[in-house]
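Data block below; observations after.
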Amino acid sequence: MKSSFINTIKEGFIAKFKSEPVLIFSPGRINIIGEHTDYNDGFVFPAAVDKGIVAGIQKSSAKASTAYAMDKDEVFEFSIHDLKTLANGSWQNYIIGVVAEILKKNKKLGNFNFTFGGNIPSGAGMSSSAALENSLVFGLNEVFNLAFTKQEMILISQRAEHNYVGVKCGIMDQYASMFGIENNALLLDCRSLEAKAFKIDFKNYELLLINTNVKHSLSDSAFNDRRLVCENVANLLHIKALRDATTSDLKTIKHKISLEDYQKALFVIQENNRVLLASKAIAAGELGTLGALIYASHEGLKHQYKVSCDELDFLVDQAKLNPHILGARMMGGGFGGCTINLIERSASKVFKTKIAKLYQHKFHTPCSIYAVTLSNGTHVTN
Ligand code: GLA
């Protein structure tokens with residue numbers, strides 16, 4: 001499946017640009033637990049998956065650079081010396097952003113051709129955007145010998161998203177997509193950018209993703225609003241980020257903030273603790289504990305941080321009714337996308353059929369179900 005996908009991109013590149021590309025695979029990610037903690041300098045527990053973006057790239061002697069989005073069959077010609085963003089939500093802004101951020105580093109870039117396609121639906125909460133950014137920065141680094149480290153590359157990807165896409169994301173997605181390790185999840189400290197790899201073998205359990213196939217509008221501005229709330233609370237506490245706060249610290253300024261903001265900050269502090277507890281539970285093989293933490297994460301995301309939606313809540317409520325599911329929660333930024341479910345392998349098939357039917361009946365639109373394989377991060381492929 002992956003190799004035929006790579007071939008499609010390769011052939012698409014050759015047909016359009018009449019030259020052989022360097023091919024890059026850049027994965028999407030899942031996140032076991034730790035949502036909205038990354039931009040609070042906290043902990044997250046993501047893993048790269050075997051789905052993502054395949055890109056072909058090569059230097060070009062033409063007078064302009066060209067990016068070709070194969071899935072959309074859209075071509076974008078631009079000058080690297082005159083970069084202008086397009087309307088909000090345009091895929092072109094990721095390209096512009098990465099190129100602009102590389103140029104800010106005083107690196108020499110020439111014109112290039114770039115073709116990409118993906119097999120994660122955008123809006124699934126599996127970071128197709130980080131995969132796209134990473135595939136481009138990694139590809140440019142290869143063909144122009146820019147000598148960036150992987151860490152420098154993910155920071156370029158993140159700044160592209162902040163400054164040219166307008167989402168003030170944390171570093172989890174770019175990190176997981178770049179540094180993923182096959183069969184492992186990464187306990188990442190988003191302040192030090194140090195990660196500990198955990199081999200994931202859930203024995204007779206597996207991780208199942210269910211995509212609501214919805215992405216509610218305003219999710220980007222809601223994301224940025226949440227980040228602002230966290231930063232304001234951290235300022236009031238005179239700390240760098242909420243990662244440095246305890247629940248009792250937070251109580252000392254309760255009278256200075258709204259109840260909503262108090263709950264949001266409390267969620268971040270609690271979620272950060274849950275990540276550490278989850279890593280202990282995984283190390284000890286205590287899947288019941290892990291599942292309970294995953295359910296608790298969803299409760300917080302729904303009631304305190306308020307980033308869930310009816311479709312996600314429905315899927316989690318259904319999971320709770322199933323004794324073979326130890327935990328389920330919304331994954332990623334929220335307002336749509338996937339739930340992640342820790343389910344007994346032998347019960348998976350029956351649950352999939354049942355949930356597909358129930359979801360269709362309730363929302364008059366299908367959900368999609370994916371099994372995930374944990375994979376390596378961004379790399380050259382062939
Ligand atoms: C999005 C952002 C990440 C992270 C998650 C929520 O995926 O890009 O940086 O904040 O939401 O955990």
Self-check item: Charge dipole (debye, nearest 20) of region 205-371; +1 at Cβ of Lys and Arg, -1 at Cβ of Asp and Glu
Solution: 180 debye
Self-check item: Calculated FRET value between Gln360 and Ser90, using beta carbons and R₀ = 35 Å, to 0.05
Solution: 0.65
Quiz prompt | With all protein chains modelled, accessible area of Asp220 [1.4 Å, Å²] | solution = 80 Å²
Quiz item: On full extension of the chain, what length is gained from Ser19 through Thr353, given 0.36 nm per residue of separation minus the C-alpha to C-alpha distance?
Solution: 115.7 nm
Quiz item: Taking all protein chains as present, what is the carbon and sulfur share of the accessible area of region 205-371, in % to the nearest whole number, probe 1.4 Å?
Solution: 55 percent
Quiz item: Rounded to the nearest 10 Å², what accessible area does Ile181 show when all protein chains are kept and the probe is 1.4 Å?
Solution: 70 Å²
Quiz item: Counting pairs of alpha carbon atoms under 8 Å apart in space and at least six apart in sequence, what relative contact order in percent does the chain give?
Solution: 24 percent
Exercise. Find how much the distance from Thr247 to Arg345 grows on full extension, using 0.36 nm per residue of separation minus their present alpha carbon separation; answer in nm with one decimal.
Key: 31.5 nm
Exercise. Using only the C-alpha atoms of the chain, find the volume of their convex hull and express it per residue in Å³.
Key: 138 Å³
Self-check item: Mean accessible surface per residue for region 275-382, computed with a 1.4 Å probe while every protein chain stays in place, in Å²
Solution: 43 Å²
Exercise. Name the shape class, rounded, prolate or oblate, that the alpha-carbon gyration tensor gives for region 205-371, where a ≥ b ≥ c are the square roots of its eigenvalues, rounded holds for a/c under 1.5, and otherwise prolate holds if a/b is larger than b/c and oblate otherwise.
Key: oblate
Quiz prompt | Rough spin-label spacing in nm, given labels placed 7 Å along Cα→Cβ, for His216 and Asp201 | solution = 4.1 nm
Quiz prompt | region 27-136 - percent of accessible surface contributed by carbon and sulfur, probe 1.4 Å | solution = 45 percent
Practice problem: Mind listing the long-range amide H neighbours of Ile33? Cut-off is under 5 Å, sequence gap 5 or more, other chains count too, H placed in the peptide plane at 1.01 Å from N. | Solution: Phe45
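The values are calculated or read from the model by the stated rules, or taken from the named source; none is laboratory data. As the structure is a prediction and not an experimental result, all values here were calculated from the model. Neighbour counts run over all protein chains shown; Cβ positions are idealised from the backbone, glycine included. Accessible surface areas use protein heavy atoms only, side chains included; no ligands, DNA or RNA. Shrake-Rupley method; radii C 1.70, N 1.55, O 1.52, S 1.80 Å.
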